[in-house]
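The values are calculated or read from the model by the stated rules, or taken from the named source; none is laboratory data. Values in this document were obtained by computation on a predicted structure and should not be read as measured data. Counting neighbours? That spans all protein chains shown, and the Cβs are built from the backbone with ideal geometry, glycine included. The area values use the complete protein model at the heavy-atom level, side chains included, leaving out ligands, DNA and RNA. Shrake-Rupley method; radii C 1.70, N 1.55, O 1.52, S 1.80 Å.
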There are 2 protein chains.
Amino acid sequence: MKVITLSHGSGGEETQKLIESVFLKHLSNEILAKMEDASVVNFEGQLAFTTDSFVVSPYRFKGGDIGKLAVAGTVNDLAVMGARPKYMSCSFILEEGFPVEELELILGSMASELQRAGMKLITADTKVVPRGSADGIFINASGIGEVICPGISAHNLKEGDVILVSGSVGDHGACILAEREGMNFDTELQSDCAQLWDLVEEVLREGVKPSAMRDPTRGGLAAVLNEWAKQSGVEIEVEEENLPVKSEVQGLCELLGFEPTHLANEGMIVFAVKEGDAERLLEILRSHPKGRSAQIIGRVVSRERSRVVLKTPYGTKRLMEPPSGELLPRIC
Amino acid sequence: MKVITLSHGSGGEETQKLIESVFLKHLSNEILAKMEDASVVNFEGQLAFTTDSFVVSPYRFKGGDIGKLAVAGTVNDLAVMGARPKYMSCSFILEEGFPVEELELILGSMASELQRAGMKLITADTKVVPRGSADGIFINASGIGEVICPGISAHNLKEGDVILVSGSVGDHGACILAEREGMNFDTELQSDCAQLWDLVEEVLREGVKPSAMRDPTRGGLAAVLNEWAKQSGVEIEVEEENLPVKSEVQGLCELLGFEPTHLANEGMIVFAVKEGDAERLLEILRSHPKGRSAQIIGRVVSRERSRVVLKTPYGTKRLMEPPSGELLPRIC
């Protein structure tokens, strides 16, 4: 079995063989191995449910691959709702001719990330489409989490709330951009792709309850802040000089005409938190390996207008618009 | 907005506009409308979790479309585990250039099916890939159900159990085959695509507890029975003359060289049930609009060998092999 063929997707003998000798080899556990149409587990409490399809191109990049991204992205969507990741589903769309060796590397990444997250893959699916009907591999992941800290919401921002980021802005988008432009051979630039429940759990355990959290993926920081401004009906002011942006990311953006705040992260969280908790949160984040570059970047200044304002180092102000246009397709 | 463009997938203004003016128009409810990274609901008890990606081609066919199929397929995967459908996630992969009008028709189908199922779509995602990187539209659906009748499993078949089908064999596969071959203009053949929780609920309410249930999608009845034989370690004997196969399906199979038992259904359930419950189950099924063609088709005859044997009307026996080879790609 060197490449994926249409027969692997037809539900017969070859499908069984692919599942047993490739998928279960990497991902099996006592629930998945039962191979039922749906898996059954006990659950009690507040349940968080999320889904994302991953179509990133290239499917392997500095700092990760589509498999790691699928798990980390799912963990992070649960984490920002204050939910501990518990169960995951996974569905693969494979193009006829996709190398099985590549698939195994991707499944290996998923397995390590799942283990790290303490999350169980309990239901899965694979489809194969003819050559030319998909581009290599697409992965859908849906996640179920147990809400530990209820009430975190994009609708919760209040005047006076402070805005923080847990790390530098735009790393994943810049990495993919560089890979795509063939510019990633001589740079240290890599995706920040990482699961962040451990970071969020630490924040909650220390007694800080954020008003809102979000991981700024497609559309970047600018999209998250504009959505928050709109959903909570507030004006957010960001200090441009406090935005942590790596010099490689800044350089690439200047070269290719992008804004770092429009580029995706896959291992960073934006927080809105009550003013009195801001310094404490900054301290917690900075003392965690995944939050060393954390910064306070702005605050909610008014309940009059839903907009995001960027204050430049020269004291002038301009709107931080939500991104528009094509940006980068297939970033995640 | 006439067709999907890459900007609809970039997470910025156009993405928001597509979500609000197209997706939420058809699918909104109070939970989805919150637009959080994950949705939060209360849950208590045994939870069933399933996932499937739908890549069917053509995406509209006699009796349904990819949207109806996605909801019905999810409902059915939960139903066969004895679970009432509760929540669904949905993730779309759209090809640049896909007509928005077509998307709206598909979302309309989903909305009707969701309402019929009493299931809530609570989390969703949309990706857009460049022209040529996918074929039109792919939909992933994951479902969460509440287990009403625990312990139904493909591992549960016992010697003496009777095998029933709730309807005729191979209708969906034959319909797609006919559409693909351009042979579907002058026939009554249509997909059996339908959600079956109402049928299952009726069976359970009447006090019949099946050993196992499954909806025979890819790989058809032959795949299900062979998986059951293997997972439960039993021999199953099927009476060929009792298999309900529509004459149009039989005709198409003879013309194109397919076995009806290898073709998918999307609105039929295979049951294994204790001998004493078989006649009662048949009666319940036949008195339900979705089970009028129900039949007893065979039984578990031995615990010696994991295999499926087909008894012909002439009294001879042959193995009902699991399907192998390419069969029909993109059937669901």
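Please name whichever of A:Leu285, A:Thr316, A:His155 sits farthest to the positive end of the charge dipole of chain A, dipole taken about the Cα centre and charges placed at Cβ: Lys and Arg +1, Asp and Glu -1.
With unit charges placed on the Cβ atoms, the residue in question is A:His155.
When all protein chains stay in place, what accessible area (Å², nearest 10, 1.4 Å probe) is found for B:Met183?
Rounded to the nearest 10, the figure is 60 Å².
Within region B:256-300, what residues put their amide N at less than 12 Å from the label point 7 Å along the Cα-to-Cβ vector of B:Asn156?
Residues passing the 12 Å test: B:271-274.
For chain A, give the magnitude of the charge dipole about the Cα centre (Cβ charges: +1 Lys/Arg, -1 Asp/Glu; no others), in debye to the nearest 20.
500
So for B:Ser142, B:Ser247, what's the accessible-area order with a 1.4 Å probe, most first?
If we order B:Ser142, B:Ser247 from most to least accessible, we get B:Ser247, B:Ser142.
With axes computed from alpha carbons, what is the tilt in degrees of helix A:100-117 against the longest principal axis of chain A, rounded to the nearest 10 within 0 to 90?
50
Measure off 7 Å from each Cα along the Cα-to-Cβ vector at A:Tyr314 and B:Ser112, then give the distance between these two points in nanometres to one decimal.
6.0
As a test of reading the structure, rank B:Lys311, A:Lys127 by solvent-accessible area (1.4 Å probe, protein chains only), most first.
B:Lys311, A:Lys127
Please get the size of the charge dipole for region A:6-147, origin at its Cα centre, with Cβ charges of +1 on Lys and Arg and -1 on Asp and Glu, quoted in debye to the nearest 20.
Details: 12 positive and 19 negative charges, 82 e Å.
Computed charge dipole of region A:6-147: roughly 400 debye.
Tell me, what is the percent relative contact order of region B:162-319, built from C-alpha pairs under 8 Å that lie six or more residues apart? Show your work: numbers first, answer last.
On the way: 323 pairs, mean separation 68.6, N = 158.
Reported as a whole number, the value is 43 percent.
Could you compute how much accessible area chains B and A hide from each other, both sides summed, with a 1.4 Å probe? Nearest 100 Å² is fine.
For chain B against chain A, roughly 6300 Å² becomes buried.
Rounded, prolate or oblate, given the Cα gyration tensor of the protein assembly as shown, with a/c below 1.5 counting as rounded? Provide the component values of the computation, followed by the final result.
Numbers: a/c = 2.15, a/b = 1.93, b/c = 1.11.
Because a/c hits 1.5 or more and a/b exceeds b/c, the protein assembly as shown counts as prolate.
Taking every pair of distinct Cα atoms and averaging 1/r, then inverting, what Kirkwood hydrodynamic radius in Å comes out for region A:6-147?
15.4
Of all accessible surface on chain B at a 1.4 Å probe, what whole percent is carbon and sulfur?
C and S fraction of accessible area: 46 percent.
Starting from a label point 7 Å past Cα on the Cβ side, list the distances from B:Leu255 to the same position in the other copies, nm, shortest first.
Sorted ascending, the copy-to-copy spacings read 5.9 nm.
Hand me the trypsin sites (Lys or Arg not before Pro) from region B:1-75 located in a DSSP loop with no more than 10 other Cβ atoms within 10 Å, in residue order please.
On the way: sites: B:Lys2, B:Lys17, B:Lys25, B:Lys34, B:Arg60, B:Lys62, B:Lys68; in loops: B:Lys2, B:Lys62.
Within region B:1-75, the qualifying trypsin sites (Lys or Arg not before Pro) (loop, at most 10 other Cβ atoms within 10 Å) are B:Lys2.
If you line up the long axis of helix B:66-79 against the longest principal axis of chain B, both from Cα atoms, how many degrees apart are they, to the nearest 10?
So the inclination is approximately 50 degrees.
Equivalent-ellipsoid semi-axes (√(5λ), Cα gyration tensor) for region B:162-319, whole Å, largest first?
25, 20, 13
Compute the helix-to-body angle for A:220-232: its Cα long axis versus the longest principal axis of chain A, expressed 0 to 90° and rounded to tens.
Helix A:220-232 sits roughly 70 degrees off the main axis of chain A.
Averaged over peptide B:86-98, how many Cβ atoms belonging to another chain are found within 10 Å of each residue's Cβ?
So the per-residue partner count for this stretch is 3.
Ignoring ligands and nucleic acids, what accessible area does B:Phe61 show with a 1.4 Å probe (Å², nearest 10)?
B:Phe61 exposes around 10 Å² with every protein chain in place.
Express the relative contact order of region A:6-147 as a whole percentage, based on alpha carbon pairs under 8 Å and six or more residues apart in sequence.
39
Scan region B:1-61 for GluC sites (Glu not before Pro) in coil per DSSP, keeping those whose Cβ has at most 13 other Cβ atoms within 10 Å, and list them by number.
Of the GluC sites (Glu not before Pro), the ones in loops of region B:1-61 whose Cβ has at most 13 other Cβ atoms within 10 Å are B:Glu30.
For a quick check of your reading of the filter: which GluC sites (Glu not before Pro) in region B:163-255 sit in a DSSP loop and have no more than 10 other Cβ atoms within 10 Å?
Taking region B:163-255 and a limit of 10 other Cβ atoms within 10 Å, the loop GluC sites (Glu not before Pro) found are B:Glu188.
So, in Å, what gap is there between the alpha-carbon centers of region A:242-300 and region A:3-39?
41
For chain A, what is the relative contact order in percent, using Cα pairs closer than 8 Å and at least 6 residues apart in sequence? Spell out each step's value before the answer.
Working: 748 pairs, mean separation 75.4, N = 332.
Over chain A, the number comes to 23 percent.
Choose one of B:Val22, B:Leu263, B:Ser89: the residue whose Cα lies farthest towards the positive end of the charge dipole of the protein assembly as shown (beta-carbon charges +1 Lys, Arg; -1 Asp, Glu; about the Cα centre).
B:Ser89
Starting from a label point 7 Å past Cα on the Cβ side, list the distances from B:Ile31 to the same position in the other copies, nm, shortest first.
Output for B:Ile31: 1.8 nm, nearest copy listed first.
Would you check the accessible area of B:Asp77, probe 1.4 Å, heavy atoms only, in square angstrom rounded to 10?
Rounded to the nearest 10, that gives 10 Å².
Output wanted: per-residue J couplings in Hz (rounded whole) for region B:85-92, from phi through Karplus 6.51 cos²θ - 1.76 cosθ + 1.60, θ = phi - 60°, x for Gly and Pro.
Couplings: x, 10, 10, 10, 10, 8, 9, 9 Hz.
Size of the dipole of region B:228-332 about the Cα centre, Lys and Arg at +1 and Asp and Glu at -1 on the beta carbon, nothing else charged, in debye to 20?
Details: 15 positive and 16 negative charges, 52 e Å.
The calculation lands at about 240 debye.
With the cut-off at 29 Å, report for chain B the share of all Cα pairs above it, as a whole percent.
Summing the P(r) of chain B above 29 Å gives 40 percent of all pairs.
Run through the other copies and list how far each one's label point is from that of A:Leu319, in nm with one decimal, shortest first; the point sits 7 Å from Cα along Cα-Cβ.
7.0
Evaluate the distance, in nm, between pseudo-label points positioned 7 Å from the Cα of B:Ser21 and of B:Glu101 along their respective Cα→Cβ axes.
1.6
Can you pick out the pairs among A:Lys34/B:Lys230; B:Lys62/B:Lys290; A:Lys17/B:Lys311; B:Lys86/B:Lys274 whose Cα atoms lie more than 19 Å from each other?
A:Lys17/B:Lys311; B:Lys86/B:Lys274
Quick one: if you stick a label point 7 Å off each Cα along the C-beta vector at A:Ser28 and B:Ile31, how many nm between them?
Here the answer is 3.4 nm between the modelled labels.
Residues in region A:96-120 near a label at A:Arg131, defined as backbone nitrogen under 20 Å from the 7 Å Cα→Cβ point?
Correct set: A:96-103.
For region B:172-218, just say rounded, prolate or oblate: build the C-alpha gyration tensor, square-root its eigenvalues into a ≥ b ≥ c, call rounded for a/c under 1.5, and beyond that prolate if a/b exceeds b/c, oblate if not.
prolate
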